[in-house]
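Below is one structure; the comments refer to it alone.
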Amino acid sequence: RLPLSLSILYAIVFRIGPYTLSVPTSHVVSIERLKTAAPEQGGALYDLGDRLGIHPNTRNPTHILKLRHPSSTNHAPSGGIPNRFSVDGIIGNMPLMVMPSGELLARTRSFAGVGVMENGDLSILLDMEKAWELREIQKKA
């Protein structure tokens, strides 16, 4: 959880459709180009764009983010298989000045906060625990 005041953390910033999102760098196992990623590597691909209601025609996935379980770097449920998200573009690894999400974003149960990049643009920080829970729900469906 983020403190009630501002925090600065390093995050991988990426795009899905028209949105700029981010995840803490400490949760990223690897970033791969979509064309070079083997489909059998590391489990199923989770469609975060679908979860966020982004129409498939507005997307052009180029990379896969592999993310470790947020509770531990050494142990993860489901045999340690990382979450795999397709993203439309990687902006970079950068410091974000982050504040916790307000009431409206908190209701979605997907976002941990809002970050301001060095250039003043905004990025929404994904709640990694919720992302992991959504992956488990999708696997059961």
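Just so you know, in region 5-34 the residues that are outside any strand (DSSP E or B) and among the hydrophobic types (A, V, I, L, M, F, W, C) include one that is least open to solvent (accessible area, probe 1.4 Å), and it is 34.
Quick one: count up the residues across region 115-140 that are at pLDDT below 75 and outside any helix (DSSP H, G or I). Explain how you work it out, then say what you get.
So the first thing to find is which residues in region 115-140 are at pLDDT below 75, and the list is 130-140.
Those left that are additionally outside any helix (DSSP H, G or I): none.
Residues flagged as at pLDDT below 75 and outside any helix (DSSP H, G or I) within region 115-140 amount to 0.
The single condition among (1) of a type in the set (A, V, I, L, M, F, W, C); (2) at pLDDT below 80; (3) surrounded by fewer than 18 Cβ atoms within 10 Å (Cβ to Cβ) that residue 99 does not satisfy is (2). If the condition is being surrounded by fewer than 18 Cβ atoms within 10 Å (Cβ to Cβ) and touching a Lys or Arg at 6+ places or on another chain (Cβ under 9 Å), then region 109-128 contributes only 109. Quick check on region 23-38: of everything there that is farther than 17 Å from residue 61 by Cβ and of a type in the set (Ser, Thr, Tyr), which residue is modelled with the highest pLDDT? Among those that are farther than 17 Å from residue 61 by Cβ and of a type in the set (Ser, Thr, Tyr), it is 25. Within region 51-68, the presence of at least one residue that is open to solvent by 30 Å² or more (accessible area, probe 1.4 Å), closer than 18 Å to residue 26 by Cβ and either under 16 Å from the mean Cα position of the chain (by Cα) or modelled with pLDDT of 75 or more (or both) is confirmed.
The values are calculated or read from the model by the stated rules, or taken from the named source; none is laboratory data. Just so it is clear, the model here is predicted, and its values are computed rather than measured. As a convention, Cβ positions derive from the backbone with ideal geometry for all residues, glycine included, and neighbour counts pool all protein chains shown. Side chains included, ligands, DNA and RNA excluded: accessible areas come from the protein's heavy atoms. Shrake-Rupley method; radii C 1.70, N 1.55, O 1.52, S 1.80 Å.
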